[in-house]
Amino acid sequence: MRRALVVAALFALAAAPAASARAKYDVQTLAKVPPPGQPALALVAPDRTIYEGTFTNASGSANGPSKVFAFSPTGQLLRTYTISGQDPNADNGVQVAAYDSRGRLYLLDQHPARVLRLDPRTGSQTTYATFKDVPPCSPPSGVGNECSATTSDNPPEPDYAAWGTDGSLYVTDYTQGLIWRVPPNGGQAHVWFTDPALDGLQFGPAGIQLMPDRQTLLFTTSAGPATDPTSATTGEIYKLPIRPNGNPGTLTKVWESGPAEAPDGIALAESGNMYVALVGPNVNAIAVVSPAGKEIARIRHDSGDPPFDEPASVWFDNDRLIVANDAYFSGDASHFAIFDVFADEPGAPIFVPSHDQPQMTKYALRVRPRHVRAGHRTRIRVTVLGNGFRRPHRRVKIGRLTRRTNKHGVATFRMRLRHGRVAVRLLGVERRTLAKAYIRAR
């Protein structure tokens, strides 16, 4: 009898809602962000430490060096890092945009435009990559060219970032209307994708994430295209494949916001739902969008203390969202905060490449044609690939002839070959062969 009562009691407890259960989309203030404030992107590391950088202000006034704050999962301030090497007379800001397998943080800086790598254990800071001011494309196209498909010439503003599987870092440029690719191990960033659809005059691509298929980038634009009056002020969510050769695929629109809603940061749930921060005037919400591109809900927090005031970013921490309150236009210091928003579903894993071993470039040669007529003068094109990307300025040798690849990674030969198999070699330092292919002459 006693056992039956215990079992009945356990069933009753299981059926009853937990007293501490939160309502779906419940919003709580997790922490206040100290000066200089303007928090724009709150990143959650694998150990659940929350890293928050201070960003720029609407007045454009100089605000001293940026800072990065480390918070515990419950909102306690653990450590403060002051950023070095910034322009003291500029409106400075950093976004803590990514982390690597060693726990190092990758910060997108504004002045100068760079990726700064911060080791949170030691506080050491090193420049990982740099960005440049590129001109508008003429005509307005520029995939693979160092230009932006925009109608105005703006300075660079690196905004959000996502890792690719080969160790590349894809970075959105909010003002130049493009996506950069930082090569594995860092260095000079190059324009990877630009398109008039990303041109919102001064409001371009923002939040970005690599999808679970590890072949597609998901990103937002805050406005555009500027040349289309019907959608010049609406923002979008786009999908953009990374093709096997490393080039961008076809841009596909997933969802479109209302006018002046300005989608910013984005987070992807395990279910495929997308959580999008809306920072446009008088919006202040998080849109929940289904995998099919239908809006499911809007999360608001108008009467809170503080309320949503430009909630700029979203990042999953288990089944909750960590949201940064930027308060960009109001500049109200009491609104500089981080929120805990209960999503009631887990986030999709964030892909991070392995940095445990030095990344070695794997080269391959694509030769066209592979079979030629012996004794006939033939045009031969050799494309050099490294980690799937075309590699310019590499030395290719066929027989006694050596050519360098052009900016597209292609070397062209016009030559006669004798009967048999002829080696095509990619040469490295000290004429060492890095890759080899063959042509057959018959």
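The values are calculated or read from the model by the stated rules, or taken from the named source; none is laboratory data. Keep in mind it's a predicted model, so treat the numbers as computed, not measured. Please note: Cβ atoms are built from the backbone with ideal geometry, for glycine as well, and neighbour counts cover all protein chains shown.
Provide a single number: the residues in the range 390-442 that are exposed (fewer than 14 other Cβ atoms within 10 Å of the Cβ) and either aliphatic (A, V, I, L, M) or in contact with a helix residue (DSSP H, G or I) (Cβ under 9 Å, 6 or more places away or on another chain) (or both). Residues in the range 390-442 being exposed (fewer than 14 other Cβ atoms within 10 Å of the Cβ) and either aliphatic (A, V, I, L, M) or in contact with a helix residue (DSSP H, G or I) (Cβ under 9 Å, 6 or more places away or on another chain) (or both): 3 in total.
Residue check: Pro248 meets all listed conditions (1) within 22 Å of Asp199 (Cβ to Cβ); (2) over 17 Å from the mean Cα position of the chain (by Cα); (3) surrounded by fewer than 23 Cβ atoms within 10 Å (Cβ to Cβ) but one, namely (2).
Contact annotation: residue pairs with Cβ atoms under 7 Å, 6 or more positions apart or on different chains, pairing a residue in the range 419-436 that is under 16 Å from Thr405 (Cβ atoms) with a partner that is at pLDDT below 90 and not in a strand (DSSP E or B), are Leu426/Arg394; Leu434/Gly428.
Just to be sure before I move on: is Ser313 without any contact (Cβ under 8 Å) to a residue 24 or more places away in the chain and of a type in the set (Ser, Thr, Tyr) in the structure I sent? Considered against the rule, which asks whether it is without any contact (Cβ under 8 Å) to a residue 24 or more places away in the chain and of a type in the set (Ser, Thr, Tyr), Ser313 comes out as no. Taken over the range 374-430, the criterion of being assigned to a strand (DSSP E or B) and either closer than 20 Å to Pro183 by Cβ or assigned by TED's automatic domain parsing to the domain that holds Asn247 (or both) is satisfied by Thr383, Val384, Leu385, Gly386, Phe389, Arg390, Arg395, Arg404, Val410, Leu426. For the range 42-75, residues that are among the acidic types (Asp, Glu) and part of a loop (DSSP other than H, G, I, E, B) total 1. Quick one: in the range 41-64, of everything that is in contact with a strand residue (DSSP E or B) (Cβ under 7 Å, 6 or more places away or on another chain) and farther than 16 Å from Val341 by Cα, which residue is surrounded by the fewest Cβ atoms within 10 Å (Cβ to Cβ)? Top of the filtered list is Ala45. Screening Gln38 with (1) of a type in the set (S, T, N, Q); (2) surrounded by fewer than 16 Cβ atoms within 10 Å (Cβ to Cβ); (3) touching a residue at least 60 places away in the same chain (Cβ under 8 Å) gives one miss only, at (2). Once the range 75-96 is narrowed to residues that are in contact with a Pro (Cβ under 8 Å, 6 or more places away or on another chain) and closer than 21 Å to Leu321 by Cα, the residue that is surrounded by the fewest Cβ atoms within 10 Å (Cβ to Cβ) is Leu77.
Take Gly200 and decide whether it is at pLDDT below 95 and either closer than 21 Å to Asp91 by Cβ or crowded, with 19+ Cβ neighbours inside 10 Å (or both). In short, yes. Meeting the requirement of 3 or more residues that are over 23 Å from Gly386 (Cβ atoms) and either under 14 Å from the mean Cα position of the chain (by Cα) or not assigned by TED's automatic domain parsing to the domain that holds Ala162 (or both), the strands (runs of 3 or more DSSP E) wholly within the range 174-226 are 205-210, 216-221. Taking the range 253-339 and the strands (runs of 3 or more DSSP E) fully enclosed by it, the elements with 1 or more residues that are over 24 Å from the mean Cα position of the chain (by Cα) and in the same structural domain as Thr230 (by TED's automatic domain parsing) are at 295-300. Taken together, Thr122, Thr127, Thr150, Thr80 contain a single residue that is outside any strand (DSSP E or B), assigned by TED's automatic domain parsing to the domain that holds Lys239, touching a strand residue (DSSP E or B) at 6+ places or on another chain (Cβ under 7 Å) and more than 30 Å from Pro212 (Cβ to Cβ), which is Thr150. Checked against (1) in contact with a strand residue (DSSP E or B) (Cβ under 7 Å, 6 or more places away or on another chain); (2) assigned to a loop (DSSP other than H, G, I, E, B); (3) of a type in the set (A, V, I, L, M), Ala232 meets all criteria but (1).
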